[in-house]
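K.L.:
One structure, as structure tokens, below. Some questions next.
The values are calculated or read from the model by the stated rules, or taken from the named source; none is laboratory data. Predicted model, so just to flag it, every value in this text is computed and none were measured. Positions of Cβ are generated from backbone atoms using ideal geometry, with glycine treated the same way; all protein chains shown enter the neighbour counts.
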Amino acid sequence: MSDGTDWCRHYHGVGKICKAGVDPRSVRVEMTKRGERTQFYPCFETDGVAHACTHCSYYTPEERQAQREASDAVWQKFVDDLNANRCPFCNAVIEQRKQVGRCVYAHPCGHQLYQGKA
């Protein structure tokens with residue numbers, strides 16, 4: 001499963017203009033693979049068609065590792081805040097967790113914390 005770091009650094013979603021100002025659909029490459037016609041986008045390093053977009057720039061292994069570490073740190077802070085009964089969004093003390101349907105909300109600030117059981 002991809003963590004998104006094997007994408008072009010300008011990628012913003014297929015169907016959306018990227019940060020370099022390119023519509024990914026305008027640089028897609030159609031190829032036949034295993035007898036099927038398939039569309040490949042230079043936005044994804046695994047497609048091997050980076051030559052189709054002059055703005056294509058992938059992250060280095062060091063940048064990928066730094067992104068993973070930053071993401072892990074954000075997730076750990078979120079979990080630590082919940083364990084300390086602090087709202088991870090506004091840092092308010094969570095006096096109670098309220099179940100509304102499948103969502104759990106912090107009381108009194110009202111932020112949705114997660115989906116699951118309170």
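K.L.:
Determine which member of the set ASP72, ASP23, ASP6 is among the acidic types (Asp, Glu) and touching a Gly at 6+ places or on another chain (Cβ under 9 Å).
P.N.:
ASP23
K.L.:
Residue check, CYS90 against (1) outside any loop (DSSP other than H, G, I, E, B); (2) more than 18 Å from the chain's Cα centre (by Cα); (3) within 19 Å of ALA118 (Cβ to Cβ), all met but one. Which one?
P.N.:
Of the numbered conditions (1) outside any loop (DSSP other than H, G, I, E, B); (2) more than 18 Å from the chain's Cα centre (by Cα); (3) within 19 Å of ALA118 (Cβ to Cβ), the odd one out for CYS90 is (1).
K.L.:
A follow-up question, please. Does segment 30-57 hold any residues that are assigned to a loop (DSSP other than H, G, I, E, B) and of a type outside the set (Lys, Arg), and which are they?
P.N.:
Residues satisfying the conditions are GLY35, TYR41, PRO42, CYS43, GLY48, VAL49, CYS53, THR54, HIS55, CYS56, SER57.
K.L.:
Scan segment 1-53 for residues that are acidic (Asp, Glu) and modelled with pLDDT of 90 or more and jot them down.
P.N.:
From segment 1-53, those acidic (Asp, Glu) are 3, 6, 23, 30, 36, 45, 47; that's our starting set.
Within segment 1-53, just ASP23 meets the criteria.
K.L.:
Do we have THR32 as more than 22 Å from the chain's Cα centre (by Cα) and loosely packed, with under 12 Cβ neighbours inside 10 Å here?
P.N.:
yes
K.L.:
In segment 85-114, what residues are small (Gly, Ala, Ser) and surrounded by fewer than 11 Cβ atoms within 10 Å (Cβ to Cβ)?
P.N.:
Scanning segment 85-114 gives a single hit, GLY101.
K.L.:
Right, here's the next one. How do the pairs read when you match residues in segment 34-50 that are in contact (Cβ under 8 Å) with a residue 24 or more places away in the chain with residues anywhere that are exposed (fewer than 10 other Cβ atoms within 10 Å of the Cβ) and outside any helix (DSSP H, G or I), using Cβ under 9 Å and keeping only pairs 6 or more apart or on different chains?
P.N.:
Close Cβ pairs satisfying both conditions: PHE44/SER2; THR46/SER2.
K.L.:
Suppose we filter segment 47-73 for residues that are surrounded by 11 or more Cβ atoms within 10 Å (Cβ to Cβ) and of a type in the set (A, V, I, L, M); how many remain?
P.N.:
Within segment 47-73, residues that are surrounded by 11 or more Cβ atoms within 10 Å (Cβ to Cβ) and of a type in the set (A, V, I, L, M) number 4.
K.L.:
Could you figure out which of (1) in contact (Cβ under 8 Å) with a residue 12 or more places away in the chain; (2) over 29 Å from VAL29 (Cα atoms); (3) not in a loop (DSSP other than H, G, I, E, B) isn't true of ARG64?
P.N.:
Unmet condition: (2).
K.L.:
Would you pick out the residues in segment 22-81 that are farther than 30 Å from TYR114 by Cα and among the aromatic types (Phe, Trp, Tyr)?
P.N.:
PHE40, TYR41, PHE44, TYR58, TYR59 - these are the residues of segment 22-81 that are farther than 30 Å from TYR114 by Cα and among the aromatic types (Phe, Trp, Tyr).
K.L.:
Restricting the search to segment 5-29, which residues are part of a loop (DSSP other than H, G, I, E, B), among the basic types (Lys, Arg) and either within 19 Å of the chain's Cα centre (by Cα) or loosely packed, with under 13 Cβ neighbours inside 10 Å (or both)? Spell out how you get there, then give the answer.
P.N.:
Step one: list which residues in segment 5-29 are part of a loop (DSSP other than H, G, I, E, B), which gives 5-6, 9-23, 28.
Subset that is among the basic types (Lys, Arg): 9, 16, 19, 28.
Answer for segment 5-29, where residues must be part of a loop (DSSP other than H, G, I, E, B), among the basic types (Lys, Arg) and either within 19 Å of the chain's Cα centre (by Cα) or loosely packed, with under 13 Cβ neighbours inside 10 Å (or both): ARG9, LYS16, LYS19.
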